[in-house]
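All remarks here apply to the structure that follows.
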């Protein structure tokens with residue numbers, strides 16, 4: 001968890017030439033996954049984590065400030081927000097939950113100031129919500145924050161966890177006194193098994209000793225890197241390390257690139273890239289933000305069912321890099337029904353076009369392919385090309401299948417990411433000049449948007465169009481309802497990055513006031529504005 005408190009790994013001698021050759025061969029294995037099965041034959045046989053675990057962990061947002069109140073309120077939010085039903089079922093307590101010494105019998109003691117009902121009482125509360133409780137310990141003499149570790153107390157502590165009703169153990173690697181990695185983690189694996197309680201075993205071993213080569217029979221997931229931080233550089237570095245390890249992941253045993261930082265300060269574009277990449281890499285989806293304070297934009301990322309379905313796909317493949325050149329990456333993840341999830345990821349700061357083909361991502365030959373954008377929900381057809389303009393630090397994610405389809409001619413509400421409200425003609429009015437605003441989605445005719453082949457966005461069964469006022473093309477131009485007339489100011493483009501731009505102006509359809517509370521309320525009008533990657537310029541068909 002905290003690198004400054006780690007026991008350094010033992011020094012290694014020169015690398016033998018044969019070992020170097022074998023390492024090079026291993027790095028080629030992920031590319032072969034498009035043709036062969038995921039490696040899971042020797043996964044830990046405890047029946048758990050057959051898909052990557054999903055839930056919450058308090059450390060990234062709160063550090064040592066964990067409490068029973070925080071855990072219970074987060075459990076409440078997972079239920080009320082619908083995230084539990086999306087698959088976020090583990091509510092995980094990290095370090096600092098216990099007192100600084102064991103009791104007279106050598107047992108761990110929950111801090112009564114932080115957990116007045118103990119871990120058992122907290123677990124009972126969480127279980128009553130249809131959720132599961134996770135806890136933290138360390139494979140050393142002390143945790144990373146200096147509390148009692150489990151080294152030498154494995155069975156005693158595992159018995160406590162089982163008695164309390166714990167469902168998930170994150171097991172860290174600080175203060176380990178040089179005892180071999182696998183020996184320490186195998187000891188806790190065996191102790192958990194001996195309790196008879198199903199407990200997911202998460203090895204937080206920071207990727208030391210190439211844990212992915214031996215982790216599958218020991219744990220359900222293993223950290224592949226050091227700790228993540230809430231910035232794009234940290235996320236990118238961890239992605240680079242984790243994406244190379246697809247050969248070692250599969251049902252029951254997953255590469256873990258650490259908790260999600262979505263909602264902790266990166267831009268909306270960067271947050272969406274992290275969530276897309278973690279799902280494509282079949283990573284655990286463990287929210288590391290204060291979900292109780294999540295904005296609608298953040299919730300729209302955590303709650304995207306189509307992207308979650310890629311992560312949780314029962315085939316259990318981790319996506320691999322099909323190509324990577326100059327910071328422009330193409331990833332492909334085979335899915336159980338024969339589709340392929342494709343991510344086009346731009347590591348650079350400027351927008352760029354990223355392209356691949358259906359054949360390159362592993363799809364069979366077909367006369368046409370259906371591309372479903374998993375963030376905008378727009379559907380397009382292709383003869384085999386898969387291409388998009390991708391913003392800097394951004395990503396475009398498709399589910400690609402043989403066949404055809406298009407959003408053109410279909411009718412959908414248009415949902416704003418920053419507000420989680422729908423594009424709406426004010427008051428249900430049909431008069432030309434009616435303001436276009438956001439409002440709670442209600443399936444009304446004034447929210448039913450039809451996409452035409454001419455690029456129009458029509459309301460009321462096709463009689464009225466979205467219109468940029470008076471053919472103006474400057475930022476701040478209001479968007480209104482007007483009789484459809486074929487004008488360039490009534491032509492719009494739904495882009496792969498989730499923006500909607502005016503063809504005449506090149507500006508983005510924008511919720512006035514930005515991604516702030518003032519821009520999220522019912523009745524906030526829409527306007528044209530310079531495209532800036534904000535969540536108030538992101539839209540999806542529902």
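So the values come out like this:
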item: Qualifying residue in region 396-416 (condition: surrounded by fewer than 15 Cβ atoms within 10 Å (Cβ to Cβ), touching a strand residue (DSSP E or B) at 6+ places or on another chain (Cβ under 9 Å), in a strand (DSSP E or B) and not assigned by TED's automatic domain parsing to the domain that holds residue 305); result: no
item: Lone qualifier among 315, 331, 363, 301 - being modelled with pLDDT of 95 or more, outside any strand (DSSP E or B) and touching a helix residue (DSSP H, G or I) at 6+ places or on another chain (Cβ under 7 Å); result: 301
item: Options 61, 49, 43; residue that is over 22 Å from the mean Cα position of the chain (by Cα) and either modelled with pLDDT of 50 or more or farther than 19 Å from residue 254 by Cβ (or both); result: 43
item: Subset of region 452-480 [farther than 14 Å from residue 512 by Cα and part of a strand (DSSP E or B)]; result: 457, 458, 459, 464, 465, 466, 467, 468
item: Residue among 474, 505 that alone is in the same structural domain as residue 423 (by TED's automatic domain parsing) and buried (at least 19 other Cβ atoms within 10 Å of the Cβ); result: 505
item: From the options 264, 231, 255, 242, residue that is surrounded by fewer than 18 Cβ atoms within 10 Å (Cβ to Cβ), at pLDDT 95 or above and in contact with a helix residue (DSSP H, G or I) (Cβ under 9 Å, 6 or more places away or on another chain); result: 231
item: Some residue of region 518-533 being more than 23 Å from residue 456 (Cα to Cα), at pLDDT below 95, in the same structural domain as residue 419 (by TED's automatic domain parsing) and outside any loop (DSSP other than H, G, I, E, B); result: yes
item: Flag for residue 325 being surrounded by fewer than 24 Cβ atoms within 10 Å (Cβ to Cβ) and either touching a strand residue (DSSP E or B) at 6+ places or on another chain (Cβ under 7 Å) or without any contact (Cβ under 8 Å) to a residue 12 or more places away in the chain (or both); result: yes
item: Residues of region 376-395 satisfying the condition of being closer than 17 Å to residue 455 by Cβ and in a strand (DSSP E or B); result: 379, 380, 381, 389
item: Residues satisfying the stated conditions in region 143-185, i.e. farther than 21 Å from residue 122 by Cβ and within 30 Å of the chain's Cα centre (by Cα); result: 144, 173, 174, 181, 182, 185
item: Only one of 431, 424 that is touching a residue at least 12 places away in the same chain (Cβ under 8 Å) and in contact with a helix residue (DSSP H, G or I) (Cβ under 6 Å, 6 or more places away or on another chain); result: 424
item: Condition met for residue 495 (under 18 Å from residue 377 (Cβ atoms), touching a residue at least 40 places away in the same chain (Cβ under 8 Å), in the same structural domain as residue 436 (by TED's automatic domain parsing) and crowded, with 17+ Cβ neighbours inside 10 Å); result: yes
item: Scope region 154-178; condition at negative phi and either modelled with pLDDT under 95 or part of a strand (DSSP E or B) (or both); matching residues; result: 168, 169, 170, 171, 172, 174
item: Identity of the residue in region 460-471, surrounded by 15 or more Cβ atoms within 10 Å (Cβ to Cβ) and in contact with a helix residue (DSSP H, G or I) (Cβ under 6 Å, 6 or more places away or on another chain), that ends up farthest from residue 490 (Cα to Cα); result: 460
item: Enumeration of residues in region 329-338 that are farther than 14 Å from residue 276 by Cβ, in contact (Cβ under 8 Å) with a residue 60 or more places away in the chain and under 20 Å from the mean Cα position of the chain (by Cα); result: 334, 335
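The values are calculated or read from the model by the stated rules, or taken from the named source; none is laboratory data. Given the structure is predicted, the values throughout are model-derived calculations rather than measurements. Glycine gets a Cβ as well: all are built from the backbone with ideal geometry, and neighbour counts include every protein chain shown.
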